[in-house]
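What follows is one structure encoded as structure tokens, with my remarks underneath.
The values are calculated or read from the model by the stated rules, or taken from the named source; none is laboratory data. Here the structure is a predicted model, which means the values were calculated and not measured. Using ideal geometry, Cβ is built from the backbone for each residue, glycine included, and neighbour counts are taken over all protein chains shown. Ligands, DNA and RNA are stripped out before the accessible areas are found, and what is left, the full protein with its side chains, is counted by its heavy atoms. Shrake-Rupley method; radii C 1.70, N 1.55, O 1.52, S 1.80 Å.
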Amino acid sequence: DHHDEEEHIDHGGLILAEFVQADAEFTGYELEIGRRIELPKGLLVLSLARDEVDADFDGGGNVPRIVPARTMFTARYSLDTFSARFVVKDVERQSRVALGETVTAGFTLLNADASWSHDFGDAATLTLTAYARNLTDEKARNHSSFVKDAVPLPGRNLGIRARLTF
């Protein structure tokens, strides 16, 4: 049978998969609470957010590639043309996996950035930003990625960005 021969052809290490639609029930929530604090100089905005999704096929089994629950804390300070932000993103372990998926470990990312803007008039603005992503160089994997086991999320990443809008 020609079909049987095709099943055994090497696909260069790639996964041969056929995804078909099936009835499923998705449940979840997204919450965010925050507080604005007017300081003698500047504004501080604090927020705490959480989201979680669960998805099961009506016929039984977990829907694949569902992101794990996440909790994020953000502190943002601004004064005139300066702003700074610090974010803690905690991603839980994903153990509700579908056929062919593997469990993904949880991780916590610490990110920060600071920006300064200057208005040149005539609608031209220069914004300089210094940023730091994954400050603790945590090994993190995106559960919804097909290549998560081979390709983790970026490690510590520091940079400076300049943006001119006109």
message: Which residue is least open to solvent (accessible area, probe 1.4 Å), if the candidates are limited to the range 94-151 and must be among the basic types (Lys, Arg) and within 16 Å of the chain's Cα centre (by Cα)?
response: 148
- prompt: Which of the residues belonging to the range 9-41 are open to solvent by less than 100 Å² (accessible area, probe 1.4 Å), without any contact (Cβ under 8 Å) to a residue 40 or more places away in the chain and assigned to a loop (DSSP other than H, G, I, E, B)?
  reply: 9, 11, 12, 13, 22, 39
query: Among (1) part of a strand (DSSP E or B); (2) under 29 Å from residue 130 (Cβ atoms); (3) touching a Leu at 6+ places or on another chain (Cβ under 9 Å), where does residue 44 come up short?
result: (3)
- prompt: Are there any pairs with C-beta distances below 8 angstrom linking a residue in the range 59-88 that is basic (Lys, Arg) to a residue that is surrounded by 15 or more Cβ atoms within 10 Å (Cβ to Cβ) and outside any strand (DSSP E or B), with the two at least 6 apart or on different chains, and if so which?
  reply: 65/101; 65/143; 70/92
message: Looking at the structure I just gave you, is residue 55 within 23 Å of the chain's Cα centre (by Cα), within 22 Å of residue 149 (Cβ to Cβ) and open to solvent by less than 70 Å² (accessible area, probe 1.4 Å)?
response: yes
task: Kindly list, by first and then second residue, each pair from a residue in the range 116-131 that is at positive phi to a residue that is part of a strand (DSSP E or B) and open to solvent by 50 Å² or more (accessible area, probe 1.4 Å), limited to pairs with Cβ atoms under 8 Å and residues at least 6 apart or on different chains.
output: 123/165
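Counting only residues that are open to solvent by less than 80 Å² (accessible area, probe 1.4 Å), more than 30 Å from residue 103 (Cα to Cα) and not hydroxyl-bearing (Ser, Thr, Tyr), how many does the range 152-166 have? Give the steps one after another, and end with the answer.
Quick first cut of the range 152-166, residues open to solvent by less than 80 Å² (accessible area, probe 1.4 Å) only: 152-153, 155, 157, 159, 162, 165.
Adding the requirement that they be more than 30 Å from residue 103 (Cα to Cα) leaves 159, 162, 165.
Next, only the ones that are not hydroxyl-bearing (Ser, Thr, Tyr) stay: 159, 162.
So the answer is 2.
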